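Just below is one structure, and these are the notes that go with it.
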Amino acid sequence: MVRRRPALVSLLLALSLVLAACGGAPAAKTGSPQQGQQAASGGKTIRVGLVTDVGGLNDHSFNYLADQGLQRAKTELGIQGQVVESHNQTDYIPNLTNFAQQGYDLVIAVGFLMTDAVKTVAKQYPDTKFLLIDDQIEGMPNVASAMFRSEQAGYLVGALTGLIEKQHALPNLKGRDQVAVIGGMKIPPVDAYIAGFQAGVKAVSPQTKVNLVYEGKFDDPTGGREVALSQIAQGSDILFHVAGGTGTGVIKAAESQGVYAIGVDADQNYLAPQTVITSALKRVDVATFDVIKSVRDGTFQPGVHWFDLTNDGVGYAKPVAAVPQSIVRQVEQIRQQIIDGQIKVPATVSQ
Amino acid sequence: MDEVLRLRGITKRFPGVLANDRVDLGLLRGEIHAVLGENGAGKSTLMKIVAGMLEPDEGRIELDGRPVRFSSPRDAIAAGIGMVYQHFMLIPVFTVAENVVLGAEPGRGLRFDRREAEREVRELAERYHMEVDPAARVADLSVGLQQRVEILKTFYRKARILILDEPTAALTPQEARELFQVMRNLAGQGISILFISHKLDEVLEVADRITVMRHGRTVATLRPAETSEQELANLMVGRAVQLTSVRPPVERGPAVLEVADLTVQREDGRPAVQGVGFAIHAGEVFGIAGVEGNGQAELVEAIAGLRPAAAGRIRFLGRDVTAWDARRRALAGIAYVPEDRVGTGLVMGFTLAENLALKRYFLPPLARRGWIDRRALWSEAKGRLEAYDVRPPEPGLAARALSGGNQQKVILARELGSDPELLVAYQPTRGLDVGAIEFVHGQILRLRGEGKAILLVSLELDEVLELSDTVAVMHRGRLAAVFPAGEADRERVGLYMTGGRERAQEEEGAGR
Amino acid sequence: MRGATGRWRAALIPLLAVLLSLLIGAVVMLASGYNPLPAYAALFVGAFGTPFNIATTLAHSVPLMLTGLGVAVAFRSGLFNIGAEGQFWVGSIATTWVGYAVGGLPPALHVALALLAGAVAGALWGALVPGLLKAYTGAHEVITTMMMTYVAIQLSHFLLEGGPMQAPGYTPVSPDIRPSAFLPLLVPRTQLSAGLFIALGAAVIAWLILERTTLGYRMRAVGFNARAAAYAGIDVAATTVLALGLSGAFAGVAGAVEVLGVNHRLYDSFTAGYGFTAIVVALLAKNDPWATLGAALLFGALSTGASYMQLSAGVPSQLVDVVQGIIIFFIAADAIIAWLLRRSRNRKEVAA
């Protein structure tokens, strides 16, 4: 049973507001023994609130995927779900607080921008459970955080890339045995993907050259396009981007030059169906769904949850039909080997 | 002649004001009928009623003997009444023809037949002897020609009664004369004209009959031949008005302002004032006559400190003030009444109290250490508004709420209230009615009597001649001539004004 | 008497603008299949329904009050400062730096110093480039303040994204400011800090400056009629620079208060365009300092209530953006409303 006490909280807030109004008297201390009047709403319907970051629901990335997970939980688990979008850094705390105050069982915060806010609000509402996506909070009994082994996803699309290069398995390849990775900024979440990709290519096709460039921004499609065009001109024919919005420019450049690209985080094939052969996936939807399910089942675990290939937390999007089935089969074998622990994937970039 | 328009007992009330009080007026076919009155006498309200913009509270309008009711200007236009407002309602980027036909364009459906429009407008202009090029852009026309376009607009809509609201206010004297010629032509063709004015000489010159309004009532209807400027002025104001000021002899004191070899440039760097020199003494009104644009504006601005002197010196009370800024000169005792009340003399959004403080808001007792003392501001304003008979004497009222005459009184109250030694006045009576002009002239002569120096620049030759002890004429940036009051008459001065004398005697300008 | 009714009438038009906007917003909701009554009820509850929500609304209003005052001060001086956003940013940056880099100060002094840094940074951002350019070359402040806003935002990107102000780690945020620079919270567990009093105090200061000092007199004179001001001997150029500086100082303090009271560090792209909303706030308030507080509260309430409306009524918060857009439209077009008023009055007169 979840205990709620919004009335008590409201009362205390009202009291402190009055006191504050009366000439800045010290705010009321908590600890009144009074209990909330409102009983916990009977029954087992779990209520889940989702707070997006300033990217909003239509970001085609984390927020969108988290909502996908929530919607799936609504239909499959019969929970109640509600979404609030944040427009501003200062919206995070009120939005999280609103859900907590209303007695929601689980409040999901999407993105590392909300780390500070989750810490603050979770301390104030110890009876509410929180899930933070993509950053770590440890040592709080009511907070779970979802982290992703994206190097594994990088390794799989890297292996796919290496095999294609080695076998010249797609039309219009330049035959220079050269591919490129375009990163947004040199930060750990980006580098995890890249490290996996490099290792994946090398494992299947050691002679294939992998160029690495950091464009420097996540919201600069024009810059992404220019960097990509220059890589293509130098002979790369498959481009893996880990660059957010900048990556759309990379994909457009590959499309315009008739070469290939690999998407990131979500399946980005829709951006250029002939060009994006696959995408390295961070299954924020899976993470969201799993944690919601654990709350419903009463098995919620605080602390850091790692999502990887074993729990379908990362992966790669189904390759386009042009990629030979033999290659896909090989990649699937590699996937199993990683799950079995036969392959260890590095998470730091080798230059 | 038959009466085309008759107003019977027209009454119009606004909150707190009885704008028109049982007004009766008749207009004959082919008559030029002037409606004369001070600002606020109710002329404009009456004309708006005739033009259908306002509906009277009582009384009725008869057209050709039949009572009519206008609930919108559209009705009045349909009945053949056309009004030309003081502020033109033209679209500057459109051509003359486009403006004239606007709202009643020839052509079929959505197609506009420009050629047909131009033909019709040209025909109209020829019929009424009002030459104007139908294809010209209105923005390129002079004010006088724009006014013709407004008049043509009314005829295009078949007007037979034309209302002109202060039509000469924005015109040069030459343009005004042309307008009067046009008005006579129109009257000759059977058009009836209601002509609103507060200028006595115009009314006497052009009108067949004159109706004088005061405080919302018609006080008299007269023929020019049977009356005089003096009688009309008395009727307008409601008391005996001094139309011409008497200058009692005043003992002339030492030089207050000395200007030597002054050259002032326009914005584009060309000289506007070239090597001007003169001196004004205590107890002297030094008048400068001239046609507009001959450097008068630049000269007064240079003396007030608003425009730098490119060469020459300005001395005030024996001190060289050439390098002083406007504030320093004002505080030293140079008062300046600018020509443009609305744009320069007053801050329209400020209260009267704030406007009265405009040049001394930072000085005790109005302010101390950067803080304004509202009470001091208020009480000083109250006193000055009463002393200068500003109506209403409300320090908290916004300047824009006052009539032109009262606005000018506020400026005078500010400029003269701080006891200056020199008054620089540029067109101080422009646009004012008889009562206000009398007041301004009275103030100038009062200062003269107190031994102050006055520089009066006016485009109205009569004003200069009437008030000045010394009359100078400005032409092309130079003082073309300087006369003692006794030697200046209209003809001689007028000749210099238009540059008629080839060479003005330099010495006459200097030396004094 | 007359002044009082005039003031009442002046307040009537913005009020009508707000009401009309809500009405049209309701129509939009109906058209998109939402019931406006529960939605507006949720909007109201979200903004004022609980002490926490009231505190949040006030907290959201504080930066709008301060930036709004800045814009209003410039408008009163005849200057269209649309760069409050940039001044807000540089104020935040300077304050954040003083907040974490300067240590060993007692709290009151540290807060004061940090606020001062924000005010000075905002003032310089407004006065130095746009002010001087306007005063001495006539370059229009709309362009220059806007350009300086871009510069400020790019500057913050540079400083935070791997730049000198980035905290250790990969997140583009600055280090936390020291607790000695925190503004105390007025209501615990909310974002409402003593910044509210700073905003109220700023309104008093803005009003005093405008209405009671010679500087304000000069600014208003220049704002109403620069020609007349020059005629009166007022140094129009200097007044312009001062006015833009003062305006920028208010916006800079807004950024400072947001850092010291709410965020406690500088986040990359952390503002929701307060400086732009401030323009509407000032317009709605007709540039009156007191009314600016009210208008800021309205917009604070709209944004706070919007989230709750989405949470409890399921109406997308974008619909509140629509309502805000319509308010802006009606304020821009308040001539339309004045005209509607006149018309209805004329009707009555004719009928009488």
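A few points about this structure:
- The residues of chain C have, on average, 39 Å² of accessible surface per residue, using a 1.4 Å probe with all protein chains present.
- Per-residue shielding of C:44-54, expressed as the average number of other chain Cβ atoms within 10 Å of the residue Cβ, stands at 4.
- With the helix formula -39500 (n - 2.57) applied to DSSP H stretches of n ≥ 4, chain A reaches a computed 222 nm mean residue ellipticity of -13000 deg cm²/dmol.
- Packing-based order for A:213-223, B:427-437, A:332-342, C:301-311, using average beta carbon neighbours within 10 Å, highest first: C:301-311, B:427-437, A:213-223, A:332-342
- Chains C and A together bury roughly 3300 Å² of accessible surface, counting both sides and using a 1.4 Å probe on protein heavy atoms.
- Nearest 10 degrees, 0 to 90: helix A:284-297 Cα axis against chain A principal axis: 40 degrees
- Dipole magnitude of region B:3-237, debye to nearest 20 (Cβ charges: Lys/Arg +1, Asp/Glu -1, about Cα centre): 760 debye
- log₁₀ of I(q)/I(0) at q = 0.12 Å⁻¹ - chain B, Debye sum with one point per alpha carbon: -1.19
- Accessible area per residue was computed with a 1.4 Å probe on protein heavy atoms; B:Arg160 scores about 70 Å².
- Computed label-point distance, nm, for sites B:Arg177 and B:Ala139 using a 7 Å Cα→Cβ extension: 3.2 nm
- Shape category assigned to the protein assembly as shown from the gyration tensor of Cα positions, a/c cut at 1.5: prolate
- In order through region C:251-258: 3J(HN,Hα) via Karplus (6.51 cos²θ - 1.76 cosθ + 1.60), integer Hz, x for Gly, Pro: 5, x, 5, 4, x, 4, 5, 5
- Chain B: relative contact order as a whole-number percent, Cα under 8 Å and 6+ apart: 15 percent
- Given charges at beta-carbon only (K, R positive; D, E negative), |dipole| of chain A in Debye: 580 debye
- Accessible surface of the protein assembly as shown, 1.4 Å probe, proportion on carbon and sulfur as whole %: 56 percent
- Start at zero, step by 10 Å, and the Cα-Cα distances of chain A spread as 6, 24, 28, 20, 12, 7, 3, 1 percent across the bins.
- Computed [θ] at 222 nm, deg cm²/dmol, chain C (DSSP H ≥ 4; -39,500 (n - 2.57); rounded to nearest 500): -24500 deg cm²/dmol
- Between 0 and 90 degrees, the angle of helix A:246-257 with respect to the longest Cα principal axis of chain A falls at about 30 degrees.
- Sequence ranges B:414-422, B:386-394, ranked by mean other-Cβ count within 10 angstrom, highest first: B:414-422, B:386-394
- What chain B shows is 44 Å² of accessible area per residue, with the surface traced by a 1.4 Å probe over protein heavy atoms.
- Taking label positions 7 Å along the Cα-Cβ direction at both B:Phe112 and B:Leu363, the computed distance is 5.7 nm, reported to one decimal.
- Relative counts (whole %) of C-alpha pair distances in region C:67-192, using bins that are 5 Å wide: 2, 11, 16, 19, 17, 15, 11, 6, 2, 0, 0
- Over chain B, dividing the summed -39,500 (n - 2.57) contributions of all DSSP H runs of at least 4 residues by the number of residues returns a 222 nm mean residue ellipticity of -9500 deg cm²/dmol.
- Stokes-Einstein, applied to the Kirkwood radius of region B:255-509 over Cα pairs at a viscosity of 0.692 mPa s and 37 °C, places its translational diffusion at 176 µm² s⁻¹.
- Relative to the dominant Cα principal axis of chain A, helix A:92-101 is inclined by about 50°.
- Value of D in µm² per second that Stokes-Einstein yields for region C:59-286, Kirkwood Rh from Cα pairs, at 10 °C (1.306 mPa s): 91 µm²/s
- B:Glu62 accessible area, 1.4 Å probe, all protein chains in place, Å² to nearest 10: 20 Å²
- Basic side chains Lys and Arg get +1 at the Cβ, acidic Asp and Glu get -1 at the Cβ, and with that the dipole of chain C about its Cα centre reaches some 1240 debye.
- Beta bridges by DSSP in chain B, antiparallel share as percent, to the nearest 5: 55 percent
- Options B:His87, C:Gly99, C:Phe224, ranked by Cα towards positive dipole end of the protein assembly as shown, top entry (Cβ charges): C:Gly99
- Within 10 Å of the Cβ of each residue in B:362-372, the mean number of Cβ atoms contributed by other protein chains is 3.
- Summed over both chains, the area buried between C and B is near 2100 Å², taken from the accessible surface of protein heavy atoms with a 1.4 Å probe.
- Averaged over the residues of A:79-92, the number of partner chain Cβ atoms lying within 10 Å of the residue Cβ comes to 6.
- Sequence-distant aspartates and glutamates (8 or more away, or on other chains) whose Cα lies within less than 13 Å of A:Lys202: A:Glu165, A:Asp177
- Distance in nm between pseudo-label sites at B:Asp325 and B:Glu460 (7 Å out along the Cβ direction from Cα): 3.5 nm
- A 1.4 Å probe, protein heavy atoms only, puts the accessible area of A:Met147 near 30 Å².
- Take every pair of alpha-carbon atoms less than 8 Å apart whose residues are at least six positions apart; their mean separation over the length of chain A yields a relative contact order of 17 percent.
- Cα Rg over Rh - region B:3-237, Kirkwood: 0.98
- Kirkwood estimate for region B:264-330, i.e. one over the average of 1/r between Cα atoms, Å: 12.8 Å
- Ranked by solvent-accessible area (1.4 Å probe, protein heavy atoms only, all chains present), the residues A:Trp306, C:Trp89, C:Trp8, C:Trp207 order from largest to smallest as C:Trp8, A:Trp306, C:Trp207, C:Trp89.
- Largest to smallest accessible area among C:Val262, B:Val138 [probe 1.4 Å]: C:Val262, B:Val138
- Over region C:59-286, relative contact order from alpha-carbon pairs under 8 Å, at least 6 apart, %: 44 percent
- The packing ranking of peptides B:32-38, B:276-282, A:206-212, highest mean first, is B:32-38, B:276-282, A:206-212, where packing means the average number of other beta carbon atoms within 10 angstrom of each residue.
The values are calculated or read from the model by the stated rules, or taken from the named source; none is laboratory data. This structure is a prediction, so every number in the text was calculated from the model and none was measured. For neighbour counting, all protein chains shown are included, and Cβ atoms are generated from backbone atoms with ideal geometry for every residue, glycine included. For the accessible areas, the whole protein counts, side chains as well, though only heavy atoms, and no ligand, DNA or RNA atoms are used. Shrake-Rupley method; radii C 1.70, N 1.55, O 1.52, S 1.80 Å.
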